[in-house]
Amino acid sequence: MPRAEATKPPILKAGAKAPDFTLKSTPDQSVSLRDFLGRPVVLAFYPADWSPVCTDQLGLYAQVMSEFKKFNAEVLGISVDGIWSHLAFSNDRKLNFPLLSDFEPKGAVSKMYGAFEAAVGESARALFVIDKKGVIRWSYLSPDGVNPGADGILSALEDLG
Amino acid sequence: MPKTYTPPRLTLPVGDRDHSEGAPDASMVLVEYGDYQCPYCGAAYPVVKRIEKELGSDLRFVFRNFPLTNSHPQAEWAAETAEAASAQGKFWPMHDFLYENQRFMGDAAYFTVYETKLKLDVTRIGQEVAQRAYSARIQEDFMSGVRSGVNGTPTFFINGIRYDGAPEFGSMVSALKVASKTPRRRART
């Protein structure tokens with residue numbers, strides 16, 4: 001597994017309590033992390049809607065959804081894009097999980113998870129697997145431009161037991 | 001923490017279940033996870049053909065399905081078509097024809113002409129594709145890729161280790177030759 005470069009933000013590690021948050025998932029609906037207590041949650045922070053690597057990554061998650069569901073896991077994508085961009089992007093790519101908008105105050109949730117790249121004003125490409133009690137059990141920061149895939153997430157979900 | 005990088009390994013070994021070209025005991029085994037509608041796979045197709053020609057009996061080539069259907073609406077149809085042709089012993093002709101005719105993807109009538117030329121049972125192919133008769137196999141290919149670090153297409157494995165270089169003739173042939181001289185696994189550092 002590639003090691004995060006020194007300049008990368010230190011993301012929250014396994015063992016940490018996952019900070020709760022509430023973000024918009026549609027123009028008139030919000031999602032809170034605590035809504036999912038009792039089941040595993042996969043948080044996928046990513047830099048931007050529409051960029052090619054994200055498209056691959058999130059499209060792959062949409063296609064692997066049936067496997068995630070075997071663990072009763074909820075997948076949440078998070079970026080600093082506005083909710084209207086998320087809606088258009090999600091429709092275009094036929095995504096089957098919510099995209100949350102970490103838009104205002106910009107990147108606040110990403111910062112709580114150590115997954116904000118201040119230099120570019122975007123979320124880092126970081127993954128977190130949170131157990132049913134709300135504790136982070138696995139986290140991974142992907143190098144720029146590299147699609148981290150789904151294998152790490154699936155292994156982490158398996159390890160939850 | 002040591003700053004090392006080990007490319008992912010193929011979790012489902014190459015075996016009898018696979019579509020394979022070339023000698024079973026070849027010293028170089030190239031596995032592709034591909035999507036018939038993916039333009040990058042289309043671009044890699046002639047590269048693989050050239051590699052097969054260059055390396056001859058030293059190479060075994062295996063193709064596994066990795067249809068990314070939410071970006072490529074015809075990818076699953078194409079994968080089912082190739083598998084249905086395979087059931088009648090014509091996987092590789094159909095595999096090649098699909099890549100050589102990517103712009104006609106999903107045009108069943110166009111493919112029927114070729115199926116007839118191959119003397120295939122066209123009705124049976126049509127029924128099997130409509131019933132998604134080979135979806136379990138395609139899904140098995142797909143998940144074996146997901147668990148092996150396939151994140152997009154095409155993704156290649158050389159002797160069981162993911163090839164992270166460019167899908168180009170020179171670099172792939174070099175990597176294959178290096179791998180053939182490396183009997184045991186050696187992590188790249």
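The values are calculated or read from the model by the stated rules, or taken from the named source; none is laboratory data. Only a predicted model underlies this, so the values are computations on that prediction, with no experimental measurement involved. Please note: Cβ atoms are built from the backbone with ideal geometry, for glycine as well, and neighbour counts cover all protein chains shown. Please note that ligands, DNA and RNA were not included when accessible areas were found on the heavy atoms of the full protein model with its side chains. Shrake-Rupley method; radii C 1.70, N 1.55, O 1.52, S 1.80 Å.
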For residue B:143, are the conditions met, namely being open to solvent by less than 50 Å² (accessible area, probe 1.4 Å) and either under 19 Å from residue A:66 (Cβ atoms) or within 14 Å of another protein chain (Cβ to nearest Cβ) (or both)?
yes
Among the listed residues B:44, B:26, identify the single one that is touching a Pro at 6+ places or on another chain (Cβ under 8 Å) and surrounded by 14 or more Cβ atoms within 10 Å (Cβ to Cβ).
B:44
Of all residues in segment A:79-108, which are open to solvent by 60 Å² or more (accessible area, probe 1.4 Å) and without any contact (Cβ under 8 Å) to a residue 24 or more places away in the chain?
A:91, A:92, A:104, A:105
When segment A:55-78 is checked residue by residue, the ones that are of a type outside the set (A, V, I, L, M) and in contact (Cβ under 8 Å) with a residue 40 or more places away in the chain are A:56, A:57, A:61, A:67, A:68, A:71
Residues to consider are A:123, A:142, A:110; find the one that is out of contact with any strand residue (DSSP E or B) (no Cβ under 6 Å at 6 or more places or on another chain), polar (S, T, N, Q) and over 19 Å from residue A:70 (Cβ atoms).
A:142
Do we find that residue B:68 is crowded, with 19+ Cβ neighbours inside 10 Å and modelled with pLDDT of 95 or more in this structure?
no
Note on segment A:109-134: residues open to solvent by less than 40 Å² (accessible area, probe 1.4 Å), away from chain B (no Cβ under 14 Å) and hydrophobic (A, V, I, L, M, F, W, C) are A:109, A:115, A:116, A:124, A:126, A:128, A:129, A:130
Looking only at segment B:119-132, decide whether some residue is surrounded by 13 or more Cβ atoms within 10 Å (Cβ to Cβ) and within 25 Å of residue A:53 (Cα to Cα).
no
Pull out all pairs, ordered by first then second residue, where Cβ-Cβ is under 6 Å, the residues are six or more apart or on different chains, the first lies in segment B:66-82 and is at positive phi, and the second is open to solvent by less than 30 Å² (accessible area, probe 1.4 Å).
none
Which of the residues spanning segment A:37-47 are surrounded by 18 or more Cβ atoms within 10 Å (Cβ to Cβ) and more than 11 Å from the chain's Cα centre (by Cα)?
A:40
Could you tell me which numbered condition residue A:58 fails, if it satisfies all but one of (1) surrounded by fewer than 20 Cβ atoms within 10 Å (Cβ to Cβ); (2) within 11 Å of the chain's Cα centre (by Cα); (3) within 12 Å of chain B (Cβ to nearest Cβ)?
(1)
Is segment A:92-101 home to any residue that is within 14 Å of another protein chain (Cβ to nearest Cβ) and of a type in the set (S, T, N, Q)?
yes
What tally of residues in segment A:61-78 results from selecting those that are farther than 25 Å from residue A:111 by Cα and open to solvent by 20 Å² or more (accessible area, probe 1.4 Å)?
7
Selection over segment B:25-53 where residues are out of contact with any Ser or Thr (no Cβ under 6 Å at 6 or more places or on another chain) and either touching a residue at least 60 places away in the same chain (Cβ under 8 Å) or among the polar types (S, T, N, Q) (or both) yields a count of 14
Which of the following residues is in contact (Cβ under 8 Å) with a residue 60 or more places away in the chain and in a loop (DSSP other than H, G, I, E, B): A:149, A:161?
A:149
Here the residues within segment A:8-36 that are open to solvent by 20 Å² or more (accessible area, probe 1.4 Å) and of a type in the set (Phe, Trp, Tyr) are A:36
Among (1) of a type in the set (Ser, Thr, Tyr); (2) assigned to a helix (DSSP H, G or I); (3) crowded, with 17+ Cβ neighbours inside 10 Å, the one test that residue B:33 misses:
(2)
Quick check: anything in segment B:78-87 open to solvent by less than 60 Å² (accessible area, probe 1.4 Å), within 14 Å of chain A (Cβ to nearest Cβ), assigned to a strand (DSSP E or B) and closer than 30 Å to residue A:97 by Cβ?
no
